[in-house]
Amino acid sequence: MAAFSKQVLAFGAKIMAARAMRRMREPAAAAQQRAFRELLQAMSRCQYGKKHGLSPTIEYDRFRAEAPAQTYEQFAPLIEKAKRGDADVLWPGTCRYYAVSSGTTAGRTKYLPITDAMIAHFRQTGLDSLFFYASRTRRSDIFKGKHLFLGGSTTLTEIEESKPFVAFAGDLSGITALNLPGWAERHLYEPGADIAQLGDWPAKIKAIADRTLDRDIRVVAGIPSWLLILAEALRSRSAAAGKTVSHLQQLWPNLECLIHGGVPIGPYVEELRTAYGPQIRFHEVYPASEAFIAAQDAEPHDGLRLLADAGVFYEFIPLADFDESRLEYLGTKAVPVEGVQAGVDYVLLLTTPAGLCRYVIGDVVRFVSTNPPRLIYVGRTRLQLSAFGEHVIEKELTDALLGVSQRHGWSIVHFHVAPLFVNSLVGQKRGRHEWWIELKPHSAETPTGPILAGELDLELIRLNDDYEAKRKGGGLEPPIVRLVMPGVFEQWMRQRGKWGGQNKMPRCRSDREIADELAKIARFADS
């Protein structure tokens, strides 16, 4: 009977995958126009929509002129009203669920509304991302076994300030896990309801290893750093049970797909392949707490397919025009998906079924192609280096460090880059970059700060014209690298409440807020 159920599930998945791919053949512009109309239909009945003159029949040019682009801080007063139980604030009805997110900056906690329509969006896009994998690999066997998701805790916290209205806050991955389709929860989802609610990540990893040791795991999804920790726990658990394995495909012979997103995978690829098995296939997704934005539907170099038909309306402001302090003037700079150009960096705006209208998510993307629309994530608006006018983005920093590390066989654990400003006391007359890097120990070649600094400098000169001009023009000193002992970044994340789950280490800032905190923790192995 179990084998029959697996066959039925795989057959049903094939049908749903075929339907998903037929939807994706619709031009993105048409899908986006439909999403635009449906969103305005709902939002026009709410306080925010009425204030800004939104109506179901408004044309895009007027919408772009009337509705301002806004950050979370500008939406916060309305979100607070919704948290207290006010109806029809951003979206029709009341909203009881809020995804807690601090993004990847060091700023305030965000409470992002998760309406029923938003849950439907995450359901559809999550399944579509699996169907993309099945379609591009021509393999539906992943639906015959279990899918292990390393998500946040499903335990939600009642929001005290909302009382007497009852509202709950928690990790988005936990909220969506509580709202899986019944068939997916019964036949696919791991690690099961009891373990999913755990918030203690070391305890959670141990419990997952104990539970899944003998399960038919075919898909694993999570943040790369925690996927590596899970692999080590499973190998140790397997050895304790009398079976030594060098990688997880020996433990789970049907494991074939590793789903990743949230951070660039490049620094982790070889280590993940070693941990999970030489035949593992990587599948990239681009989820955020505000929306599930894109997923891989072709080869990695083709970028990720924008999910244009899932109820979210996207706009794009050229990064060259972006200035967060002048948002009220930038709304008319935005273009819809049919107006984007390949190779241009854009700041992403979302209008969602949670009622967030022209929301500045803080991400920067670059289109690889426009028909169909496929993009790559290149960084955050607030996470880039431009203290000296060098305009270096997160992707360039990651690519530079990855290139150097691969040449030497080093494995990156975490890193952060910050500016070092002019300091007459130590004779530093010009600014420079300061890299904080934790590499995995026991590499074949011993890394040193000076070697890394020189090679990173050359890589960034090759990758970024502004950096090259500043360095060759004498406006920027060579970088300095600080190699830190294991545990420094973990301690910083723990102090910030960012340890575990979907939390990510900020990789750069144009100030020293994070760097100065690392300096209080760090013990240098090399300078």
Q) Which entry is the computed volume of the Cα convex hull per residue in Å³ for this structure: [x] 417; [y] 209; [z] 155? A) [z]
Q: Beta carbons within 10 angstrom, averaged per residue: use that to sort the peptides 95-101, 213-219, highest first.
A: 95-101, 213-219
Q) Each residue of region 28-33 in order: what ³J(HN,Hα) in whole Hz does its phi give by Karplus 6.51 cos²θ - 1.76 cosθ + 1.60, θ = phi - 60°, with x for Gly and Pro? A) 4, 4, 5, 5, 5, 5
Q | Lys/Arg +1, Asp/Glu -1 at C-beta; the chain dipole; positive extreme among 208, 300, 347 | A | 208
Q.
Give me the dipole magnitude in Debye, nearest 20, for region 1-382 about the Cα centre, with unit charges on the beta carbon: positive for Lys and Arg, negative for Asp and Glu.
A. 880 debye
Q. For the residue pair residue 161 and residue 240, what label-to-label distance in nm results when each label sits 7 Å from Cα along the Cα-to-beta-carbon direction?
A. 4.2 nm
Q | Theoretical gain in end-to-end length, residue 466 to residue 430 [0.36 nm per residue, Cα-Cα removed] | A | 11.4 nm
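Determine the gain in length on full extension of the stretch residue 71-residue 215; use 0.36 nm per residue of separation and subtract their C-alpha separation, reporting nm with one decimal.
Result: 47.5 nm gained on full extension.
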Q: Order the peptides 175-181, 278-284, 141-147, 197-203 from the highest to the lowest mean number of other Cβ atoms within 10 Å of their residues.
A: 141-147, 175-181, 278-284, 197-203
Q.
Could you list 109, 155 so that the one with the fewest beta carbons within 10 Å of its beta carbon is first and the one with the most is last?
A. 109, 155
Q. Fully extended, how many nm does the chain gain between residue 406 and residue 370 (0.36 nm per residue separation, minus their Cα-Cα distance)?
A. 9.8 nm
Q.
Can you compute 3J(HN,Hα) from phi for each residue in region 90-98, using the Karplus curve 6.51 cos²θ - 1.76 cosθ + 1.60 with θ = phi - 60°, rounded to whole Hz and x for Gly and Pro?
A. 9, 9, x, x, 9, 10, 9, 10, 9
Q | Greater than 30 Å apart at Cα, pairs in 472/498; 144/498; 395/472; 163/333; 50/504; 243/440 | A | 472/498; 144/498; 163/333; 50/504
Q: Can you spot the aspartates and glutamates whose alpha carbon is less than 18 Å from residue 520's alpha carbon? Ignore those fewer than 8 places along the same chain.
A: 434, 438, 490, 511
Q. Got a sec? Which residues in region 376-403 would a label at residue 422 touch, if it sits 7 Å along Cα→Cβ and we count backbone N under 14 Å?
A. 388-389
Q.
As a test, work out the antiparallel percent of DSSP beta bridges whose residues both lie in region 1-382, rounded to the nearest 5.
A. 65 percent
**Q.** Förster radius 35 Å - calculated FRET efficiency between residue 34 and residue 480 (Cβ-Cβ, nearest 0.05)
**A.** 0.10
**Q.** Nearest-20 debye value, region 17-174 charge dipole, Cβ charges on Lys, Arg, Asp, Glu
**A.** 700 debye
Q | Residue exposure sequence - 483, 90 - by fewest surrounding Cβ within 10 Å | A | 483, 90
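FYI, it's all coordinate maths here, none of it is from the lab. All values reported here derive from a predicted model rather than from experimental measurement. Quick reminder, even Gly has a Cβ in these numbers, built from the backbone with ideal geometry, and neighbours come from all protein chains shown.
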